[in-house]
Structure formats: C-alpha cells, structure tokens
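The values are calculated or read from the model by the stated rules, or taken from the named source; none is laboratory data. Just so we're clear, the structure is a prediction, and the values are computed from it rather than from any experiment. Every residue, glycine among them, receives a Cβ derived from its backbone with ideal geometry; neighbour counts consider all protein chains shown.
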Amino acid sequence: MVNFASMSEALDYIRSQTGAGPVALQVTMDSYGYAVYSPDAITIPATPSLPCTLTAYTGKGGVLSLPVTWSASTAIGELPTLPGSWDALVTNAAEYLAAIAAAPASGTPYYIAVQDGATIDLGSTNMSTGGFTDYTVRHSKDIVVAPQSWYQGIFQYMPDPFGDGNVYTRMVVRPCTIVGWHELSSGDAKIYGMKRTINLYPTAPTSSTYQKWEDIGVNPLDYLDTYYGTKSPDFSWCEYYIGKDAAHTPFGIGTKEYDMYSPDAWCYTGSSLITRARQFKANYVSGSNVMDVTSITRGAMPLAVGQIIEYWDATANAGAGGSVVTTIASLGTGTGDLGTYNLTDPSPVNLTGGNTSASATGNNSRPVDTDFVLDGWGDNADYPQYNRFAFMPSAIKIEKDTGNTFTGPSVKCTYNYIHDCLDGIRGRSSRNGTLDVYYTDNYITRMYHDCTRWNWSSKNAKGVLHWLRNIITNPVGHNNDGQQPHSDTWQAHGSNSGTTTGSPMAHWRSIGNLCAVDQNCRGMFQNHYLQMTYDYYTMGMEIVNNIGLNVNKFIAVLAQRSTWVRNCIGVTQDVAHPNVSVVASVYSNRDPVSTSVPDSVMQVDDTICEGFPLSSGNDRITLQQLRVKSLPPWFIGRDTTATFTNLNRLTPTVNDMFLAASELSVSSPTTGLTVSTLADMMQLTEASSHIIAAHFIPVAGVTPSATVTLAPAYIHGVPGTVVSVVPDAGVEWQTTDPYTGAVVQAFTTSTANAQCGQLISFRGAASASYLTETALGGTIGGVACRGRVITVSNTFFPTADNQVTAYSRIAKPTDARTFKGFIVALIGLKVDTWTNGAIVMADKNTNGYAKVALSTLGPGRFVTQWLGSTSTEGGSIANFDVSTDTTNRHTYIFAGDFTQLDSNQVIRCVKDYTLQVHGGTETINANGTETFSIGDFFGASGIGLFDVYAGTSTNLDGSIQGLWIELYEDPATMPDITNVDVINALTRDKLDINGDGSVTGVLARPMVYIQGPVGASDGSTVDSWNATAGITNLGYGGGAMTKQTGTYA
C-alpha cells in the first residue's frame, strides 16, 4: 500500500511502475472502502486537497487491470471553514462528554475534533421513565464539532452521487458517527460532518401485537439534534438517518410496509391511537341494553361479540366527555351489519339517532382531550395498532417547545444528507426582529413526513427564508397511510397572533430546488406548501429555476403579496401517476383572514406547468411569456404519449430527473429553466438570480383625468440594494417599509434612491378619454416599471327594464358536444328592488341547471346553481356576497371550471372588476372530472331571464343591457374573468366592433349573445326585447330570446 499526498506524486509513481501501458489499480478513498470506479475504467479525482490511497499492481497477481481515467471534476458546493487545530480530540462517548464539560461557559468557540472512524455512542434512549435512562446530551456552550481530518483540510466524497459525473460537497464522506440525542440551548452550537442516528427500533407489528417507541425508551416524534436559545446554530454537512428497522435498512420507495396500512383514526395531538372496526348510526331506548344499528357509515370489520362500543348523541360534541363505553354482549338480530345488538350495560340516556362507533377489542374509549382526529380508513386490510414510521425520530429541530423557544438571529441547516426519517428539518421562532433561515443545499430522500418546515409564533418575527439548491426526492409516505403522512418538501405557517391586520413575511427566496418523485415511488408530497396560517402572508417572495416533477401541488402559496414565479417547471409524468392527486400548478389564495392581505400581483413568467388556479379574494395572477405545455391534467385524460425521453430507466438518478424536466425547456422564447445542467442548477445564487422589477395591479374603470394611486408593489432584487427611481413626467412616487408600512420616501416627483425590498407606489392622472389606457410609473434601477390605468367606458347597450313583470326565454341550442366549463356575463344588470328569492336567470327554480337568484337567506347575496342535482353530473351551489345596491348598474361575470379541485376555483364571480368572495353554505362539485351536455346547462327546454323558463317563480325587479354565454370543452381555453382586458371586452365599445359577441384576441363568438333595442310595447319593433318574434341571438347558437309576459321599458 502506497500513500500519496498529491495527484502528481501518484502519477509519477504509476509511470515508474508501468511505463505507458495499462495499469492495475485499486483506489480507496477512506478506511471504509469508498472506491471511485466504473465497470470499464477507474476515475481518480484530481482535487489537490483530496489525498487518496492507491494500490498499484504491475501484473503480478493484480486484482484489477483497467485503463486509467483521470478526472478533473471539482466538488460542487461549499465546505466548512475550520482552524488547523482543535481544543480536544475525542474517540469515544466518555471523551466527548469530558470535552464538552471542559469547554468554557460561552463566548469563545471550543473546537472538538472526532477521530476519523470513531463512533461516539451516547446511548439511544431519551426517556427517564419506565426504567429507562435519558442519555440526551444537553449543554449551552459555544462548541464546534467536526471530524479530525476536516480540521486538516482533508475532504473525501461519494463518487458521482447524482449521476451527472460530478461530486458534491453535500455528499462528502462523513467519517464519524454520533449515536444518540443532542439538546442544545443558548450556545453557538455547530455540528459538522457527523453521521447521526440511534441504534434502537421497535419490533415489527403484526395484526395483533405491536411495540411503540416509548416501549423501548425513545420519545416518539423526537429529533436527533434540537436547538433552542438566542444564538445562531449550524447543523451542516451531516447525515441523518433512522431506516425501517434496527439495521437502518433504507425504505423501498415502491414498498408499502405493514406499518403503513391505515388504522381507522389517529389522535393527532396526543400521538395516540384510535382503531375503529366500524362507525355506524344506531337507535337506543333509554334504560335498555339493545342498540338498533340502522346504517353503517365507515369500516369493513363486522361487528362482533366482545367489541368495545363508544357511543354519543349526534347533537353532542363527540369527544367532549359525554360519550359512553360498553361492549357487545350478544348479536341479537344483527349479523355484523344492520340489526339489533345486546350490550353489556344499558344506555343511561336516550340517544336516538346518535352517531356511534365501535373499536377493536382491547382498546379503551376514545380520548376526549384531543384537538382533532385524522381519519384514516385508507386500507381495507388488517388493522395493525401502531405505525412505527409515523412516530419515528426525525433529524433537526430548531426550538424544543413553547417554553424553550428559538430567538437567535440566524440558523443554518445546509449541505446535509437526510434520509429514511420521519421529518427532516423543522424550525420555529418567536424572535421579534429580523432572522435569516438557511435551508440550503440539502439532499433529502425517502422521508415519511415533512422534509423542511418553518413556523413562527410572533407577528414581529421577520424571518427571511433562504430555500436554495435543495434536492428532495421520493417520499415514503402516502396520504392513505397511517396518520396521513402527506410529505411536504417545504411547509411554512405562523401561529395565530390574535389580529386580523395582516402580518408580512418578506424577502423569501426559493431558487434552484429540484423536487422529484420517481414514477416507481408509491409516496407523494406537496411542493412549496406555504399555508401562511391565520393573518400572515409572504411579501415579495421569489421562486426561480425550480423543478417539481410528479409532485402534488407544485407551488401553493395560500396567502401572498407580490410573489414572482419565473423559469420554473412543474409537471406530472404519467396519465394516472399514483403520486399526484392535484395537478402540478401555481396556486394562490391571498386572504386567510377577512381582507387583511393587500391586493397584489402574483407574477408568473417563463414557466411550464399544468395549471394556474385561483381562489377567492382579489387575486391577480399575471402570466407573461407563459407556456403551458399541451399536457392537460392527467385526471381529465392527458395524452399518454411518452413525454420524458430522459427518464426511461427503472431506477432513474437525480440527474435523470433533472433532464426529464429540463428537456421541456425551450431556448426561444426563453421558457422554463435558465440552466441546462444539474451542476449549473446547484450553483445558482440569490445574487445571480435576482432581477429588478415591480409588478403593479392594473386599475380599470377609472373616471377620465382622475388621479390614480397604484397599489404598492414590492421592488424585486437583492434586498437592500440601492436603486435610482426616475418617475415619468408629472408622476409622483413613494416607498414604504414592507413590514410596518411606514413611509420611507414621501411622494415626490424628483429622482431619488430607493431600496430593493421596499414597497413602491406611483401616483398620477388617468387619460382624459374614455376606455383609454395609460402607463403610470417610471424606471427603477434603469428598468421600466409601470402599471396599467384604464378609464371607464361611456357607451352602453340599450337598457331593458322588466318593470317587475316582464320575463323572456331563450330556447336550448342544439349542440352535441361535451363541456367542462362555462362563462355567463350579465352585462349592465341593475336590481331595482331586492326581493329575496327573485330570479335573475334560471331554467327552473328547484335543482336549477343554470340559475342566478337573490338569496332567500338575506339581502346582498347571489345564490347560483349550476348543473342541477338531478343531473348525473351532480349539482354545484355557490353563493356570492355582492351587496344590496339598488342604485347602480353592474356587470356580473360567472365562470365555472369543473376540472378544478378547489371549490373556490370551480365557480367564480366577478362584479365589475372585483372577484367576489364566496359566502354561506355551498355545495360545489370539486372532483375535477365532471362533464356536462347542452341539456345539463340549459335544462330541458331553455333558460328564462327575470324568471325561470316556465314563468312560475318570483320575477326579479330590475333591468339589464346584455347577456353573454359560452360553454367550453376545455377550460384551459377559457378567458380569465379577472383579467381587465376580458372584463373590458364585455363593454359595448369592444363588442360592437365585430357585432357578434367576439373581441379579437380576447373573446371568441359565444353561444348566446343578446343585446339590442327595447322596441315598441305592442311588439311591432322587429328584433327587439318586446318583439313578438323576439330579439335575435347574435351568438353561434342561433335562434332568438322571446318575451313571455309583461312589457320591457
């Protein structure tokens, strides 16, 4: 064995032994046998700082005889900066604990070197009850722990970990292991380069036996490394793993382990088990021991003698202490399903109609101290009573619990390799002030639950999240598994601060992350699932050059302002991919509480994905240079033609996954990623990914010459970068703080400086002409940033006033197509008298197919019904609170998209330029698969205007100027009814140009388009609202709308 300190020394030696001919080599990277080789050649890294050991043979019994390939590949990523010496060198647990004890209290970093190859076994139990010993290491000192060789600048790497021929510092060889638990507080703790695990595991469950983690002395749901305190922890370049058994065996990504079969219900808060054989409804007679089961609601296991019964009144709060527990004594007339059963104890109260559930023999009554129960019932199989994976240990947690919070200025969890655990990285802060959170450059795979998560419990916690260059693949858990382990790649939400004023979380960045699920993987995860619970919202978040391959929800920002998504790819691979229940899409729901989140633009540029759904509230999603590849969602019949030519392997590498998604990118126009290799993607930086911009909400319906102030927009770019603002002539501008809203630069017409990360608003005059657009703004850092200001139209169609009694019919058109979406526009509608239950339009009153009426539940609400409940497609009832305005005229636009899975997105309503909020009790069909025929929309005969078709309901007292209806086979072709250009297209100025209800470049000719003169009351005016033969339908559906009773004025 010959050791070489450099590649040049190794090369000289090989030449001296073999000359120019083939050489037999064995290359050893460290004492654990990591070798750099391939079937036909050997690769020796040429990194000067990477000594390796070579065994060279000259043909005398050599074990290998292969040509040599010299590689000049450089490790991608950063490495820790450490001094060349240490304060303590340790080889075992006793020395490690002694070194911690010898460290100073705080202030000066104390460097501990762990000898390469050492295992520091601290002990795997962390409970002090039940006869166990809590071996958790607790301290609050400023300690740095790293391998001995790392202090010497010697780093070794796993060869080609991602299949692109490169080595990565996140896959550095970790030469040391620490077994056990850390709970670190207050100190400036840094742990580098360690393998982290424990050496205990519960025995495998059977259908009747199980062992919990606490049975072996391990607290369930605990974390290997926990930190709380006031400084800046750093857990980086470590490997965290548990596995599926005591041997740390990795999970199989396509295997459903026995534990994963779903018990009937789980108590989420207490991590307790509730196994139910059946849930059913039953009647009781007070004082009797007989229960009469009238219906089975859930479950497959028959009711049987000896089963424990827990029952409670349906009107009572189940789980609030009022339930009764007993057992089945004999079957009576029941045979496991419906019928009577004799109980061991009589019911103490009359529970007629009560909901009852039966649980498996041996379980006690349902816990009553739970916040909520996660309902399982995903598997009709054996019911193991415990899922070890749902409560297994996790990797890193920042903050221990409510009383041990994290308030430090920064946290780093970077370059880690985390696999085969429950959770990856979970953090939470109650800090009042700015905080930088770095979740970067991690490789996370085969997780049962969440991969990364950030929470906060103070509205003043100004946490800036840096989620960069992470590779996250192949979740183990599926929604139907025990405890519903929906695995999120990045989850974030705040705690309720008790206000509804809105609290921003500014400057978040997600850049260069690859999140992918192999088609052979049974698990599923959500990507960018930012719940922003309660009154929080993101401010100025940028999501750039991200890949989401076969993920459930690509980008879901549930409350946001000024988000910018660009150069991203989110697609699913197969027609019926098992990992995806929601199409990969960009999703925004701006408003979790009332109207706390200001209106804003969610800008989506140069992005490839399969949908852009909106939710309720004043969302604005602007799509520039968007290319939605012709891949409609898999659940509505996407073409099965192979799309991903680079992902044909049974076991694709990370690079294969990158290539599969990136092959969808095109170079001209720039759409999709801006990088062409995985290595380039993993070297993107925040600075190189920033572009200066500000995106403003268009303002429409403005009075000519009026002064308009654009809603403040976030100045994108590197936060804090100084930029010059040059307003256009006659335009003022102002900047405000993104957190407090305090004015930084008051309105001025002068050129001055602002900073990226601030909010900017422009103020100026609208055009003096009607329905004319003005660009309001200036330049920011030399970049044009202007908002659209559009004045109101002043030309209107003739108004038809029904004078309370008039109503008309439009016959059902003839059309054999199948539809999935619709748009209905009631142009210039005015309600003269708000009469509850009055009909605006409908085919019939009960179970209407296309019905808009004034709600019977109170004034100010439209109740709409589409595809009535007697239809095979099912009914959707949506309510919109539009106010009781009986003075002004408005245009109401309704859109239905039955490929959507969110009820707020299935049916939407815009009043003039504002998206309306859903209200009241609704029944909306949101399974994403519904289709309908012409009769399912127009009913048996047609639709009535101001009354139902048959004229048998309550007429609306009001007037209207036009009616526009179109049905869509593919909702992807539907115009966006929140777009100001679409709204303005429904004015007379635009519709009169072509005269058939179309607006070039915006609206195609619709099925129904009604507008025209009122005409003489005797019906003699041809083609008018009062005409005997009716008013012509200018749409392609043909026919006419005919008055039935009364007179229009």
Confirm whether A950 is in contact with a Gly (Cβ under 9 Å, 6 or more places away or on another chain) and part of a loop (DSSP other than H, G, I, E, B).
yes
Of these, G1001, G951, G995, which one is surrounded by fewer than 21 Cβ atoms within 10 Å (Cβ to Cβ), over 41 Å from the mean Cα position of the chain (by Cα) and farther than 20 Å from K851 by Cα?
G995
It is to be established whether one or more residues within the range 959-976 are closer than 25 Å to V699 by Cα, surrounded by fewer than 22 Cβ atoms within 10 Å (Cβ to Cβ) and polar (S, T, N, Q).
yes
Being acidic (D, E) and more than 25 Å from I242 (Cα to Cα), is that true of even one residue in the range 151-163?
no
With (1) closer than 21 Å to K1043 by Cα; (2) touching a strand residue (DSSP E or B) at 6+ places or on another chain (Cβ under 9 Å); (3) part of a loop (DSSP other than H, G, I, E, B) as the list, and V824 as the residue in question, which single condition is left unmet?
(3)
From T833, T846, grab the single residue that is touching a strand residue (DSSP E or B) at 6+ places or on another chain (Cβ under 7 Å) and surrounded by fewer than 23 Cβ atoms within 10 Å (Cβ to Cβ).
T833
Here are some conditions: (1) in contact with a Gly (Cβ under 9 Å, 6 or more places away or on another chain); (2) assigned to a loop (DSSP other than H, G, I, E, B). I120 meets all but one. Which one does it not meet?
(2)
Restricting attention to the range 978-986, does a residue exist that is buried (at least 23 other Cβ atoms within 10 Å of the Cβ) and over 41 Å from the mean Cα position of the chain (by Cα)?
no
Check every one of the strands (runs of 3 or more DSSP E) wholly within the range 547-601 and list those with 1 or more residues that are within 23 Å of R908 (Cα to Cα) and either aliphatic (A, V, I, L, M) or at pLDDT 55 or above (or both).
555-557, 586-588
Name the pairs whose Cβ atoms lie under 9 Å apart, with the first residue in the range 73-100 and of a type in the set (S, T, Y), the second part of a helix (DSSP H, G or I) and modelled with pLDDT under 95, and 6 or more positions between them or separate chains?
S85/Y151
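Could you please give the count of residues in the range 875-933 that are basic (K, R) and not in a loop (DSSP other than H, G, I, E, B)?
First pass over the range 875-933, keeping only residues basic (K, R): 889, 908, 911.
Filter once more, so that each one left must be not in a loop (DSSP other than H, G, I, E, B): 908, 911.
Residues in the range 875-933 being basic (K, R) and not in a loop (DSSP other than H, G, I, E, B): 2 in total.
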Residue count, the range 187-235, condition among the aliphatic types (A, V, I, L, M) and part of a helix (DSSP H, G or I), comes to 1
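So, in the range 527-546, exactly how many residues are part of a strand (DSSP E or B) and either of a type in the set (S, T, Y) or at pLDDT below 85 (or both)?
Residues in the range 527-546 being part of a strand (DSSP E or B) and either of a type in the set (S, T, Y) or at pLDDT below 85 (or both): 5 in total.
Condition check ((1) surrounded by fewer than 18 Cβ atoms within 10 Å (Cβ to Cβ); (2) on the phi > 0 side of the Ramachandran plot) across all residues:
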residue	(1), (2)
L710	no, no
A713	no, no
A729	yes, no
D737	yes, no
G741	yes, yes
L759	no, no
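Regarding N802, is this residue closer than 30 Å to T1032 by Cα and either out of contact with any Asp or Glu (no Cβ under 9 Å at 6 or more places or on another chain) or surrounded by 19 or more Cβ atoms within 10 Å (Cβ to Cβ) (or both)? Lay out the reasoning, then the answer.
Details: closer than 30 Å to T1032 by Cα: yes; either out of contact with any Asp or Glu (no Cβ under 9 Å at 6 or more places or on another chain) or surrounded by 19 or more Cβ atoms within 10 Å (Cβ to Cβ) (or both): yes.
Criteria met by N802.
Could you look through the range 909-935, keep only residues that are charged (D, E, K, R) and modelled with pLDDT under 90, and pick out the one that is farthest from G1037 (Cα to Cα)?
E922
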Filter result (modelled with pLDDT under 95 and either among the small types (G, A, S) or assigned to a strand (DSSP E or B) (or both)) within the range 728-744:
G741, A742
Before we move on, is T709 over 26 Å from the mean Cα position of the chain (by Cα), farther than 17 Å from G165 by Cβ, of a type in the set (S, T, Y) and modelled with pLDDT of 90 or more?
yes
Evaluate the following for A878: is it in contact with an Asp or Glu (Cβ under 7 Å, 6 or more places away or on another chain) and buried (at least 23 other Cβ atoms within 10 Å of the Cβ)?
yes
If you go through the range 167-184 one residue at a time, do you hit one that is in contact with a strand residue (DSSP E or B) (Cβ under 7 Å, 6 or more places away or on another chain), in contact (Cβ under 8 Å) with a residue 60 or more places away in the chain, among the hydroxyl-bearing types (S, T, Y) and farther than 30 Å from A516 by Cβ?
no
Count of the range 826-858 residues which are modelled with pLDDT of 90 or more, over 37 Å from the mean Cα position of the chain (by Cα) and basic (K, R)
1
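Quick check on the range 715-727: of everything there that is over 27 Å from the mean Cα position of the chain (by Cα) and not in a strand (DSSP E or B), which residue is surrounded by the most Cβ atoms within 10 Å (Cβ to Cβ)?
The selected residue is T721.
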The correct count of residues that are assigned to a helix (DSSP H, G or I) and not hydrophobic (A, V, I, L, M, F, W, C) in the range 88-103 is 2
Would the range 704-725 turn up any residue that is among the hydrophobic types (A, V, I, L, M, F, W, C) and in contact with a helix residue (DSSP H, G or I) (Cβ under 7 Å, 6 or more places away or on another chain)?
yes
When only residues in the range 895-933 that are acidic (D, E) and out of contact with any strand residue (DSSP E or B) (no Cβ under 6 Å at 6 or more places or on another chain) count, which is surrounded by the most Cβ atoms within 10 Å (Cβ to Cβ)?
E930
